1. Taking the stretch 69-203 on its own, what percent of its Cα-Cα pair distances exceed 24 Å?
2. Amide H of His54: which non-local residues (sequence gap of 5 or more, or other chain) have their own amide H closer than 5 Å, using H built in the peptide plane?
3. Could you tell me the relative contact order of the stretch 94-262? Use alpha-carbon pairs under 8 Å, at least six residues apart, and round to a whole percent.
4. How much length is gained if the chain between Leu141 and Asn172 is pulled fully straight, taking 0.36 nm per residue apart and subtracting their Cα-Cα distance, in nm to one decimal?
5. Give me the distance in nm between label points sitting 7 Å out from Cα along the Cα-to-Cβ direction at Leu106 and His59, one decimal.
6. Return the FRET efficiency for the residue pair Thr52, Ile118: r is the Cβ-Cβ distance, R0 is 41 Å, and the value is rounded to the nearest 0.05.
7. Taking the Cα centre of the stretch 94-262 as the origin and placing charges on Cβ (Lys, Arg +1; Asp, Glu -1), which of Leu96, Ile196, Leu259 is farthest toward the positive end of the dipole?
Amino acid sequence: MYFSNHKPVKMTKSSAQQQSSFSKQQKKYICINCGHPIAELYRQYTNTAIKTSHCEKCHKVADKYIEFDPIIILVDAMLLSQESYRHMLHNRNFKLNWKLSLVLLLLESFALWRQKGIVSLQKDVLQHEIISEKGFYICCLQNMIDYVIITLILLIVACVQRPALISCTGINKFAVILLKAITIANLSKMFLLPLIVWRENTTDLGANIHQLLVLGHHLLALVYIYAIVGSFKKLQAFLIILPAFVVKEYIKSNISVYLEYYF
Ligand SMILES: [Zn+2]
């Protein structure tokens, strides 16, 4: 069983009992199947014996992923599993995902920087600012602004559509959950890796199709995870994500022009 990256890993018998009594008052985890709040994910009886908790609403094992390796959870998240999203958002230490998001930021920025360099050379407009090292940092900044803008837009929509949820959760906590959700949805950017490695072996059409597929996966991931975070139906989430994404792209393109001009 794998618990090394899981929050309640270091528990003695007495601390488990303390947690049990405390958890009765505060349900800080959720069932990954139905989203119902639960007090504890498992109960530890000895150092080697534990029992996973069952959800009182759906009666399934509340969180099967506490026994899974993080890599398997990541693979499930990339396969758009909503259970894995709930686990990562609410029941697991998010430190690994923050680190991974940094790698993905660099990966996405490199892909963007390279694409801009290719377009620049094709147009025979040698934009030294873009193809130089500084251009890479500008792309990093653009992508970070991208994350912030989409988080803010979706936060505003949630405030308007789900005021009761926001007041219950607290806007700061909800904003952090939303930022985590965007980070998880950004796992789609991992699929840009083959395009970076084999760009010379593909045509422009092939590269465009690849990017379109990655974008489609990313949008689906956003829809699925926003449906969880905001308690929306998938269709509702889709109707929010699509215009939010268009608005974000519009704002980002304007900011990008500004950044490239002044930096
Ligand atoms: Zn349940």
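1. 43
2. So His54 has HN proximity to Ala62.
3. 28
4. Working it through step by step, the gained length comes to 8.8 nm.
5. Here the modelled spin labels are 5.0 nm apart.
6. 0.20
7. Positive-end residue among those listed: Leu96.
The numbers here are math on the coordinates, done by the rules we state, and not lab data. Here the structure is a predicted model, which means the values were calculated and not measured. A quick note on method: Cβ atoms are made from the backbone with ideal geometry, for glycine too, and the neighbour counts reach across all protein chains shown.
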